[in-house]
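Undergrad: I'd like to ask you about the structure that follows.
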Amino acid sequence: MNDRLTYKEKEELPDSVFGLPERREYPMPDAAHVRAAEAYFRYCPEELKPRLAKAILQRAREYGVDVKSDVINEYAQQ
(Lines give C-alpha, C1' and ligand atoms only; values in the text may rest on other atoms or scores of the structure.)
Protein backbone atom coordinates (compact mmCIF):
# COMPACT_ATOMS: atom_id res chain seq x y z
CA MET A 1 0.00 0.00 0.00
CA ASN A 2 1.29 3.45 -0.78
CA ASP A 3 0.88 6.62 1.22
CA ARG A 4 -0.81 8.65 -1.54
CA LEU A 5 -4.50 9.47 -1.39
CA THR A 6 -6.46 10.95 -4.24
CA TYR A 7 -8.33 14.17 -3.58
CA LYS A 8 -11.61 12.21 -3.58
CA GLU A 9 -10.28 9.61 -1.13
CA LYS A 10 -9.07 12.35 1.20
CA GLU A 11 -12.41 14.16 1.00
CA GLU A 12 -14.24 10.98 2.04
CA LEU A 13 -12.16 10.45 5.19
CA PRO A 14 -13.67 11.42 8.55
CA ASP A 15 -12.00 14.26 10.47
CA SER A 16 -11.02 11.77 13.18
CA VAL A 17 -8.29 10.16 11.05
CA PHE A 18 -6.39 13.40 10.49
CA GLY A 19 -3.45 14.41 12.63
CA LEU A 20 -4.68 18.00 12.41
CA PRO A 21 -8.44 17.54 11.91
CA GLU A 22 -9.34 21.24 11.82
CA ARG A 23 -6.98 21.65 8.86
CA ARG A 24 -7.64 18.14 7.46
CA GLU A 25 -3.89 17.58 7.19
CA TYR A 26 -1.79 14.49 7.90
CA PRO A 27 -4.40 11.80 7.14
CA MET A 28 -3.72 8.52 8.94
CA PRO A 29 -6.39 5.99 7.89
CA ASP A 30 -3.88 3.10 8.01
CA ALA A 31 -0.34 2.11 9.03
CA ALA A 32 1.25 3.36 5.79
CA HIS A 33 -0.18 6.82 6.38
CA VAL A 34 0.99 6.85 10.01
CA ARG A 35 4.51 6.27 8.68
CA ALA A 36 4.00 9.03 6.10
CA ALA A 37 2.83 11.46 8.80
CA GLU A 38 5.97 10.59 10.77
CA ALA A 39 8.10 11.29 7.69
CA TYR A 40 6.40 14.63 6.96
CA PHE A 41 6.28 15.77 10.60
CA ARG A 42 9.14 18.23 10.05
CA TYR A 43 6.92 20.27 7.70
CA CYS A 44 4.28 20.86 10.35
CA PRO A 45 4.09 24.43 11.74
CA GLU A 46 6.03 24.61 15.01
CA GLU A 47 3.03 25.58 17.14
CA LEU A 48 1.06 22.54 15.93
CA LYS A 49 3.82 19.95 16.37
CA PRO A 50 2.87 18.87 19.93
CA ARG A 51 -0.72 18.09 18.84
CA LEU A 52 0.40 16.32 15.70
CA ALA A 53 2.98 14.28 17.61
CA LYS A 54 0.31 13.07 20.05
CA ALA A 55 -2.01 12.18 17.17
CA ILE A 56 0.74 10.26 15.37
CA LEU A 57 1.53 8.24 18.51
CA GLN A 58 -2.16 7.52 19.13
CA ARG A 59 -2.77 6.29 15.60
CA ALA A 60 0.53 4.37 15.65
CA ARG A 61 -0.67 2.42 18.69
CA GLU A 62 -3.94 1.61 16.90
CA TYR A 63 -2.09 0.19 13.88
CA GLY A 64 0.88 -1.37 15.65
CA VAL A 65 3.39 1.06 14.15
CA ASP A 66 6.62 1.61 16.07
CA VAL A 67 7.43 5.33 15.98
CA LYS A 68 11.19 5.59 16.17
CA SER A 69 11.45 9.38 15.96
CA ASP A 70 12.86 10.88 19.15
CA VAL A 71 11.65 14.28 17.93
CA ILE A 72 8.03 13.12 17.73
CA ASN A 73 8.27 11.47 21.14
CA GLU A 74 9.73 14.68 22.62
CA TYR A 75 7.02 16.89 21.13
CA ALA A 76 4.32 14.51 22.41
CA GLN A 77 5.56 15.18 25.96
CA GLN A 78 4.80 18.92 25.64
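The values are calculated or read from the model by the stated rules, or taken from the named source; none is laboratory data. Being a predicted model, the structure only gives us computed values, none of them experimental. Positions of Cβ are generated from backbone atoms using ideal geometry, with glycine treated the same way; all protein chains shown enter the neighbour counts. The area values use the complete protein model at the heavy-atom level, side chains included, leaving out ligands, DNA and RNA. Shrake-Rupley method; radii C 1.70, N 1.55, O 1.52, S 1.80 Å.
Undergrad: How many of the residues making up segment 64-76 are surrounded by fewer than 16 Cβ atoms within 10 Å (Cβ to Cβ) and either at pLDDT below 95 or within 10 Å of the chain's Cα centre (by Cα) (or both)?
TA: Filtering segment 64-76 down to residues surrounded by fewer than 16 Cβ atoms within 10 Å (Cβ to Cβ) leaves 64, 66, 68, 70-71, 73-74.
The next check asks that each one be either at pLDDT below 95 or within 10 Å of the chain's Cα centre (by Cα) (or both); those that pass are 68.
Looking only at that region, the number is 1.
Undergrad: Restricting the search to segment 35-52, which residues are of a type in the set (A, V, I, L, M, F, W, C) and in contact with a strand residue (DSSP E or B) (Cβ under 9 Å, 6 or more places away or on another chain)? So that I can check it myself, show each step before the final result.
TA: The initial filter retains those residues of segment 35-52 that are of a type in the set (A, V, I, L, M, F, W, C), namely 36-37, 39, 41, 44, 48, 52.
Listed by number, the residues that qualify are Ala36, Ala37, Phe41, Cys44, Leu48, Leu52.
Undergrad: Could you check how many residues of segment 1-49 are touching a His at 6+ places or on another chain (Cβ under 7 Å) and open to solvent by 100 Å² or more (accessible area, probe 1.4 Å)?
TA: Taking segment 1-49 as the starting set, the residues that turn out to be touching a His at 6+ places or on another chain (Cβ under 7 Å) are 3, 27.
Now narrow it down to the ones that are open to solvent by 100 Å² or more (accessible area, probe 1.4 Å): none.
Total meeting the criteria: 0.
Undergrad: Quick one: is Arg61 within 22 Å of Glu74 (Cα to Cα), open to solvent by 30 Å² or more (accessible area, probe 1.4 Å) and in contact (Cβ under 8 Å) with a residue 24 or more places away in the chain?
TA: Working: within 22 Å of Glu74 (Cα to Cα): yes; open to solvent by 30 Å² or more (accessible area, probe 1.4 Å): yes; in contact (Cβ under 8 Å) with a residue 24 or more places away in the chain: no.
No: the conditions fail for Arg61.
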